[in-house]
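All remarks here apply to the structure that follows.
The values are calculated or read from the model by the stated rules, or taken from the named source; none is laboratory data. Remember, predicted model here, so these are calculated numbers, not experimental data. Here Cβ is always computed from backbone atoms with ideal geometry, including for glycine, and neighbour counts include all displayed protein chains. Accessible surface areas use protein heavy atoms only, side chains included; no ligands, DNA or RNA. Shrake-Rupley method; radii C 1.70, N 1.55, O 1.52, S 1.80 Å.
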Amino acid sequence: MAASNHGGDCCKNGPGYATPLLAMSGPREKLIYVAAIYTGTGQDKPDYLATVDVDPSSSTYSSVIHRLSMPYLGDELHHSGWNSCSSCYSDPSCDRRYLILPSLLSGRIYVIDTKTNPKEPSLYRVVEPAEVLEKTGLAYPHQPHCLASGDLLVSCLGDKDGNAGGSGFLLLDSDFNVKGRWEKEGNSPLFGYDFWYQPRHKTMISTSWGAPAAFTKGFDLKDVSDGLYGKHLHVYSWPEGELKQILDLGDTGLLPLEIRFLHDPDKAMGFSGCALSSTIVRFFKNEDETWSHEVAISVEPLKVENWILPEMPGLITDFLISLDDRFLYFSNWLHGDIRQYNIEDPKNPVLTGQLHVGGLIQKGSHVLAFGEEGNTFQFDIPEIKDQRLRGGPQMFQLSLDGKRLYVTNSLFSVWDKQFYPELVEKGSHMLQIDVDIDKGGLSINPNFFVDFGSEPDGPALAHEMRYPGGDCTSDIWV
């Protein structure tokens, strides 16, 4: 079996693992990094990177053990990625050392050294937004992915004025210098958000959130009809950056956010989670090398009262796929449930687990849902360590072996304030869900609860999570 370079071991390979299946036998996670946000909460504090102890044998298990504050205010940390991952496995000169942490609002891109002291990461460098703007015209950086070449690719959601027409892809070299735009001139996407590449099929596909000028003010349904939000997947040639095809998902694919190819690098298919339509769309390559799509999973809206609309969408805001491509997990941020589907037959996903851990329709809420007979109901939500669960499940991270699913509940500070004001007032929390990977099924770990409402500087919002050794939403195989 090939050696791996997780955790800083000296060996002849690059970072990560030779295959997704070998990654599943990697070491159990002991630390997880969490983006923690004060921007938009009314607290005049910088965002920070929290180190959380997830080792059950540790005396500090289920707690924040270090906080790396950013040097500026108003960043809105959001997504993150590594300088190097399994895409560089064949290059022993590469090292998974730096966590790349873009700021969605300020445009700063922080480079965090996690290797010198994994429990206490430190700030290594800041890529300034002025340089990015000057050289590329890009702003609102969002999702980074490392490339096999050692370069870094970062999706950007607009220009300095928040227009989606200015979106594109920022290319950084291995020393985090700005190289320029990745896509060919005139080949920018209609909207920006997430992306994933599958080198053996010479394809990268990106998704569409919306114009920053719209979503940074909060969600307004009129902005959807006015064309300020996306419903498209953009198919690019890899690595050339030529826009080959735009897939219009229509009304069943509004706001496609996260995107994942299957981890098996030979597979020419994947999924995207469409938030507003509450669908999981499957995309796949045809014999003629074009790409098509179909709705694989659809969450029906609930009829409700005492809410802003008569029907409430689930709002699928995050999803991921286990490293063996057997299970897909997604969150319904408004309905408050987490779902597990068996996707061994990708055309026919089967629901194998469902768990309510929050949402707007929990008992004690003023919002009621209507059943088929016209009766009203609310969901029973468990308490963890005597704590009532706030908000709805949002961001995920899955253990390498697929047995533990970590969950945070902040989406974006302005949207949190709009839909879950209690989340901004009292802070986020982080849960851990135990997963049955044999028969399927989900259950809450009653011994794990990280309360970001009790942070030293006041309640904070918790967003994306990363393990020091890589995970199923950062690593890509070539």
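Here the condition is being surrounded by fewer than 23 Cβ atoms within 10 Å (Cβ to Cβ) and in contact (Cβ under 8 Å) with a residue 40 or more places away in the chain; of Ser103, Ser87, Ser122, Ser59, it holds for Ser122 alone.
Among residues of region 235-293 being assigned to a strand (DSSP E or B) and among the small types (Gly, Ala, Ser), the one that is farthest from Asp471 (Cα to Cα) is Ser292.
Kindly provide the set of residues from region 182-226 that are part of a helix (DSSP H, G or I), under 23 Å from Thr317 (Cβ atoms) and not small (Gly, Ala, Ser), ordered by number. Of everything in region 182-226, those that are part of a helix (DSSP H, G or I), under 23 Å from Thr317 (Cβ atoms) and not small (Gly, Ala, Ser) turn out to be Pro212, Phe215, Leu221, Lys222, Asp223, Val224. Against the test of being of a type in the set (Gly, Ala, Ser), surrounded by 22 or more Cβ atoms within 10 Å (Cβ to Cβ), within 21 Å of the chain's Cα centre (by Cα) and under 30 Å from Leu360 (Cβ atoms), the options Gly218, Gly230 yield a single qualifying residue, Gly230. Please work out if Lys179 is part of a helix (DSSP H, G or I) and either under 18 Å from the mean Cα position of the chain (by Cα) or over 23 Å from Glu289 (Cβ atoms) (or both). Taking the combined requirement at face value, the residue does not satisfy it. Would you be able to say whether some residue in region 321-330 is touching a Phe, Trp or Tyr at 6+ places or on another chain (Cβ under 8 Å) and open to solvent by 50 Å² or more (accessible area, probe 1.4 Å)? Scanning region 321-330, I find no residue that is touching a Phe, Trp or Tyr at 6+ places or on another chain (Cβ under 8 Å) and open to solvent by 50 Å² or more (accessible area, probe 1.4 Å), so the answer is no. Is at least one residue of region 308-320 of a type in the set (Gly, Ala, Ser) and not in a loop (DSSP other than H, G, I, E, B)? No, because not a single residue in region 308-320 is of a type in the set (Gly, Ala, Ser) and not in a loop (DSSP other than H, G, I, E, B).
When residues of region 444-468 are filtered for being part of a loop (DSSP other than H, G, I, E, B) and surrounded by fewer than 16 Cβ atoms within 10 Å (Cβ to Cβ), how many remain?
Qualifying residue count for the region: 3.
If you filter region 132-147 down to residues that are open to solvent by 50 Å² or more (accessible area, probe 1.4 Å) and in contact (Cβ under 8 Å) with a residue 24 or more places away in the chain, you find that the one that is nearest to Thr51 (Cα to Cα) is Leu133. Restricting Trp333, Trp307, Trp238 to those that are closer than 20 Å to Leu190 by Cα and either open to solvent by less than 30 Å² (accessible area, probe 1.4 Å) or aromatic (Phe, Trp, Tyr) (or both) reduces the list to Trp238. Regarding Thr252, is this residue farther than 26 Å from Lys184 by Cα, crowded, with 21+ Cβ neighbours inside 10 Å and among the β-branched types (Val, Ile, Thr)? Spelling it out, it is not the case that Thr252 is farther than 26 Å from Lys184 by Cα, crowded, with 21+ Cβ neighbours inside 10 Å and among the β-branched types (Val, Ile, Thr). The residue of region 182-207 that is surrounded by the fewest Cβ atoms within 10 Å (Cβ to Cβ), among those that are without any contact (Cβ under 8 Å) to a residue 60 or more places away in the chain and closer than 26 Å to Tyr98 by Cα, is Trp182.
Taken together, the residues in region 389-443 that are over 22 Å from Gly364 (Cβ atoms), in contact with a Leu (Cβ under 8 Å, 6 or more places away or on another chain) and in a helix (DSSP H, G or I) amount to 1.
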